[in-house]
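Input: a single structure, listed below in structure tokens.
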Amino acid sequence: MVTMVAAAAAVLVSDVLTVEVAVGNPITLISVGVDTSAMGGTDYPDLPDSAVLTNVYDLGVRVQSTDALDSTVVILVTVHAPEGVTAADVGLQWWNGLSWEQVALTDGTDGLTGIVAPPEGFVIGLGYDETEYLLFSFDVPGLYSVDFQAST
């Protein structure tokens, strides 16, 4: 598991976001800094390394596999948010290769959840190594954590 923390200066009270990445065999998910300027002209601060006056952050999730899988995979994202924060207060977008796609977040018992993947899921072959680009926005100050898990 990888854990990182950052402070966002966009609000009077610092936002702290902890990114936890679940590791499964044969799939590994790694959070990485990315440059999103080629995807619409703006490179947002990396989540969670930057403290800047904005509430939009980019993050890459590197998906690696040491084996071919019989089924497709999706990335499950869970945003643990302060009490009272709803899916309307947190935005998540995924770069689908052509444009930014809104990821629907739903209010669940463990936090706000969403699925990052094309409709058919990711086809994972031997040696698969791709980075998925995400944009997060937080409209309410507070402590947040994000978990990623690969699921078939």
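The values are calculated or read from the model by the stated rules, or taken from the named source; none is laboratory data. Nothing here was measured: the structure is a model prediction, and the numbers come from that model. Note that we place each Cβ from the backbone using ideal geometry, even for glycine, and neighbour counts take in every protein chain shown.
Being touching a residue at least 24 places away in the same chain (Cβ under 8 Å) and among the hydroxyl-bearing types (Ser, Thr, Tyr) is the filter here, so list the residues in segment 100-122 that pass it. Within segment 100-122, Thr113 is the sole residue that qualifies. A count restricted to segment 119-140 and to residues that are among the hydrophobic types (A, V, I, L, M, F, W, C), over 17 Å from Asp89 (Cα atoms) and crowded, with 18+ Cβ neighbours inside 10 Å stands at 2. Those residues that are over 20 Å from Ser145 (Cβ atoms) and either in contact with a Cys (Cβ under 8 Å, 6 or more places away or on another chain) or charged (D, E, K, R) (or both), I need them from segment 61-81; list them, please. Those that are over 20 Å from Ser145 (Cβ atoms) and either in contact with a Cys (Cβ under 8 Å, 6 or more places away or on another chain) or charged (D, E, K, R) (or both): Asp67, Asp70. Candidates in segment 40-54 are the residues that are surrounded by 18 or more Cβ atoms within 10 Å (Cβ to Cβ), part of a loop (DSSP other than H, G, I, E, B) and not hydroxyl-bearing (Ser, Thr, Tyr); of these, the one that is modelled with the lowest pLDDT is Pro48. Selection of segment 105-152 for residues being part of a strand (DSSP E or B) and acidic (Asp, Glu) yields Asp107, Asp129, Glu130, Glu132, Asp147.
Within segment 134-152, identify whether any single residue is touching a helix residue (DSSP H, G or I) at 6+ places or on another chain (Cβ under 7 Å) and of a type in the set (Ser, Thr, Tyr), and answer yes or no. Among the residues of segment 134-152, not one is touching a helix residue (DSSP H, G or I) at 6+ places or on another chain (Cβ under 7 Å) and of a type in the set (Ser, Thr, Tyr), which makes the answer no. Within segment 89-98, being in contact (Cβ under 8 Å) with a residue 40 or more places away in the chain and either under 14 Å from Val116 (Cα atoms) or not β-branched (Val, Ile, Thr) (or both) holds for Asp89, Gly91, Leu92, Gln93, Trp94, Trp95. Checking Glu120, Glu83 one by one, the residue that is of a type in the set (D, E, K, R) and modelled with pLDDT of 90 or more is Glu120 and no other. Restricting attention to segment 73-104, the residues that are more than 10 Å from the chain's Cα centre (by Cα), surrounded by 15 or more Cβ atoms within 10 Å (Cβ to Cβ) and in a strand (DSSP E or B) total 7.
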